[in-house]
Structures are given as structure tokens and as C-alpha cells.
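Here the structure comes first, spelled out in C-alpha cells, and everything after it is commentary.
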Amino acid sequence: MTGIFAIALLMGAVGSMHCIGMCGPIAMSLPVVSNTASGKFLYTLLYNLGRIVTYACLGAVLGLLGASFALAGLQQALSIVVGVFILLFILFPSHRWALFTSGKMQQLFEKLRSKLGVLFFQKKYQSVFFIGLLNGLLPCGLVYMAIAGAISTASLTNSVLFMAAFGLGTLPVMWSVAFFGSFISLQTRRVIKKAYPYLMVLMACLLIVRGLGLGIPYISPQMFTEPAAVECH
């Protein structure tokens, strides 16, 4: 399980190059709560902590779902299914947003964007924190893949930790963007973004191998073993 958390952290770190393009404009447009260096450090950090809190809360909800699979004895199957889902997500990008373009989902996202617009006019520390909270709910393929990985842990605690690790992985780059502006060159972002699909394929394969229960310590442990025979005398 340690390996999966490490991949969640790495997923966030490498994927934050994608975040610059998607969420960077929001991070660089945060309301100026304070003009001092310490004040700016605080409110940009609060924004990113808001995102991480949302990710952890999503992990809690999804952990309950995953735990129900574990109680039904389907944890290994769930791990394999999630791994296959991630592979399909990477291999067939044109179908990524099919689930999230329905009318109701669009209405929800529009409400979120409307609320964000209101918060941007409030130059308060708590407003910046709430901007981060809501930003964590906006549609993002990177977050959806992290969610898939969190479900595969089939545990409330592990799911929360997975999403928190993912969020912490995005913190260095996303905080730097909010504090310094766009400081990473476009060429560097392109190079790192090219490596991201390979990381996701690695994670998907790890989940599939883990679900197969091959008896490999830490990577593919045997989750269920046959009970020992009892001799009757």
C-alpha cells in the first residue's frame, strides 16, 4: 500500500504541470488579501489547503464506496476494474468527458463557477480558502484518475490518505504559481506532461497486478488465503 501512496504523491507532482494550464489562471487571479510577503504566503497557502481538504473529503466519500466492495469480498476485483478504467481513460481520451457533460453535471459546475465569481470579489482569507475548496470540485481529468485510485484502496482511511497525498503532490507547483506567477516555461511543462500518461499506465498496471493477488510482497499480496484444515479426532 505504501507504493500506491507514493504513486499518488508522484501523480500530483507530475500532474501539477497539467494543473498550471487548467487551474493556473484561477491561482494567479486570487483576490489580493494582503500586499505583504507574509500575507501573500498565507493566503496562497490557504487556497491550496482548501483544494487538499476537498480532495481528502472526496476520498472519505469514495472510501466508503470502496470499503463496501471490500466487505463483499470484491476488493481484488475492484482493484483490477479501476486499473482497467485508468488504462481506458489514457488510451481513449476522446471519451473522457462523456459522463461529465450531462445537463445536471453542467448545471452543478455552473453553480460552482458562479459561487467562485462571488468569492473573487471578497478580499478575505476565508474567501481564498473557500475558493480552494470549490476549485477542488471543478471538472478535472487528473482528479478523476486520482479518485479512481482512491476507490481501489477499498478503505475509508486509505482513500482519504490517497487523495491527501495526491493533493500534497500538487502543492509545490500550484503554491508557486499562486505566489510567483507562471514561473515554469512552456517547454518544461510540455516535457513533463508527456511523461504523465506513462505514470498513469504504471499506476494502472500496479492496481491490476495488485488485484491479481500474485503473492508478491508489497506489490501484489495475497489478500485472501484458504483457511487451514482442521483435523477431527
query = With (1) more than 17 Å from SER159 (Cβ to Cβ); (2) modelled with pLDDT under 80; (3) under 13 Å from the mean Cα position of the chain (by Cα) as the list, and ILE4 as the residue in question, which single condition is left unmet?
reply = (1)
query = What are the residues in segment 59-79 that are surrounded by fewer than 21 Cβ atoms within 10 Å (Cβ to Cβ) and either of a type outside the set (S, T, N, Q) or farther than 23 Å from PHE5 by Cβ (or both), if any?
reply = ALA60, VAL61, LEU64, LEU65, ALA67, PHE69, ALA70, LEU71, ALA72, GLY73, LEU74, ALA77
ask   = So which of SER34, SER38, SER16 is outside any helix (DSSP H, G or I) and of a type in the set (Ser, Thr, Tyr)?
value = SER34
note = Residues in segment 47-58 that are among the hydrophobic types (A, V, I, L, M, F, W, C) and crowded, with 20+ Cβ neighbours inside 10 Å total 3
message = For segment 115-145, give me each residue that is within 23 Å of the chain's Cα centre (by Cα), at pLDDT 85 or above and hydroxyl-bearing (Ser, Thr, Tyr).
response = SER127
ask   = For LYS40, all conditions in the list (1) over 24 Å from MET200 (Cβ atoms); (2) at pLDDT below 80 hold save one; what is the number of the exception?
value = (2)
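The values are calculated or read from the model by the stated rules, or taken from the named source; none is laboratory data. Every value quoted in this text rests on a predicted model; they were computed, and no experiment measured them. Glycine gets a Cβ as well: all are built from the backbone with ideal geometry, and neighbour counts include every protein chain shown.
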